[in-house]
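The values are calculated or read from the model by the stated rules, or taken from the named source; none is laboratory data. Remember, predicted model here, so these are calculated numbers, not experimental data. Here the Cβ positions follow ideal geometry from the backbone for every residue, glycine too, while neighbour counts run over all protein chains shown. Each accessible area value is taken on the protein alone, full model and side chains, heavy atoms only, with ligands, DNA and RNA left out. Shrake-Rupley method; radii C 1.70, N 1.55, O 1.52, S 1.80 Å.
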Amino acid sequence: MTAQSPAVALARPTDAQQRIALIVGVLFLITFVASIAAVILYAPVLHPAKYIVGAGADTRVRLGAVCELILIIANIGTAVVLFPILKRQNEGLALGWVGERLVECTFIAVGIVSLLAVVTLRHKAAGADAGSLVTVGKALVAVRNWTFVLGPGFMDGVGTGLILGYLMYRSGLVPRGMAMLGLVGGPLVFVSGIAVVFAVIGRGSAAQAIATIPEFLWELLLGIYLIVKGFKPSPILDETHHAGAGDGSLNPPVAAR
């Protein structure tokens with residue numbers, strides 16, 4: 001007969017660990033506020049034919065850029081702040097999530113630069129061929145739209161959806177049902193992103209919007225849960241076993257089996 005592995009004891013989170021949960025939760029909610037605000041503020045520049053030859057709304061677009069810069073900081077912050085905890089479950093995947101956040105934010109940064117370039121073009125419209133500037137403006141907006149598809153619309157599904165969802169599911173830091181939203185929503189997001197790339201569905205179509213619902217709920221509920229409840233008891237919160245725990249060798253918590 002083979003001996004069964006001993007059950008892994010659940011460790012209650014310390015005050016310091018609950019502060020980490022609170023910070024991560026706040027950062028997740030900041031990503032929601034900043035991204036939604038940016039979409040609203042960017043509305044005029046997303047129509048370059050009217051924007052470049054019109055009165056313009058430069059301050060509004062610049063505020064949108066600032067919102068997305070805040071989004072970048074918050075996005076990276078969620079992964080960096082949570083990394084010391086998640087690496088005890090699986091260091092490779094935890095590092096992968098940090099890397100995904102950096103790639104996602106690189107796409108966002110390219111989109112910011114593209115739209116700020118359209119603002120610059122508007123100031124040159126008076127002394128140049130407006131038609132040519134509008135054509136360039138449309139190209140820059142198209143670049144921004146593709147960065148949105150490939151960044152938040154694809155990479156986020158791989159990282160925050162699939163990788164973070166898996167780590168949270170295995171560690172038991174949040175309810176398993178909530179983590180399942182990430183495991184379901186992540187693949188839906190990046191599959192819908194691929195479908196947009198191959199013109200199977202339209203960018204911003206109803207099909208793509210529906211595919212993002214589980215991921216949207218996962219990130220929103222995760223932020224709220226971490227602020228209100230913090231971490232659930234989990235083996236990876238045991239400070240006495242954190243050395244060498246980054247190899248993914250910890251068993252899933254008893255409560256999650």
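What to note about this one:
- Estimated FRET transfer efficiency when R0 is 35 angstrom, pair residue 22-residue 106 (beta carbons, to 0.05): 0.80
- Note on segment 34-73: Cα convex hull, mean projected area over all directions, 2.4 nm².
- Theoretical FRET efficiency, 1/(1+(r/R0)^6), r = Cβ-Cβ of residue 203 and residue 239, R0 51 Å, to 0.05: 0.65
- The residues of the chain present an accessible area of 48 Å² per residue when probed at 1.4 Å with all protein chains retained.
- Under 23 Å from residue 229, Cα to Cα: lysines that are on another chain or at least 8 residues apart: 87
- Dipole magnitude for the chain: about 380 debye, using +1 per Lys or Arg Cβ and -1 per Asp or Glu Cβ, origin at the Cα centre.
- Efficiency of FRET from Cβ geometry, residue 36 and residue 117, R₀ 35 Å, rounded to 0.05: 0.90
- In whole angstrom, segment 48-117 maps to an equivalent ellipsoid with semi-axes of 35, 11, 5, each derived as √(5λ) from the alpha carbon gyration tensor and ordered largest first.
- Taking the chain and dividing mean pair separation by its residue count, relative contact order in percent (alpha carbons under 8 Å, at least six apart): 30
- The peptide list 15-21, 30-36, put in order of mean Cβ contacts within 10 Å with the highest first, becomes 30-36, 15-21.
- Top positive-direction residue, dipole computed over the chain with Cβ charges, set 49, 208, 36: 49
- Spin-label model, residue 43/residue 228: points 7 Å from Cα along the beta carbon direction are separated by 3.0 nm.
- Largest first, the extents of the alpha carbon coordinates of segment 33-157 on the three principal axes equal 59, 21, 18 Å.
- Relative to the longest principal axis of the Cα atoms of the chain, the long axis of helix 15-41 makes an angle of roughly 20 degrees.
- Here the chain is treated as an ellipsoid with the same Cα gyration tensor; its semi-axes, largest first and in whole Å, are 42, 18, 14.
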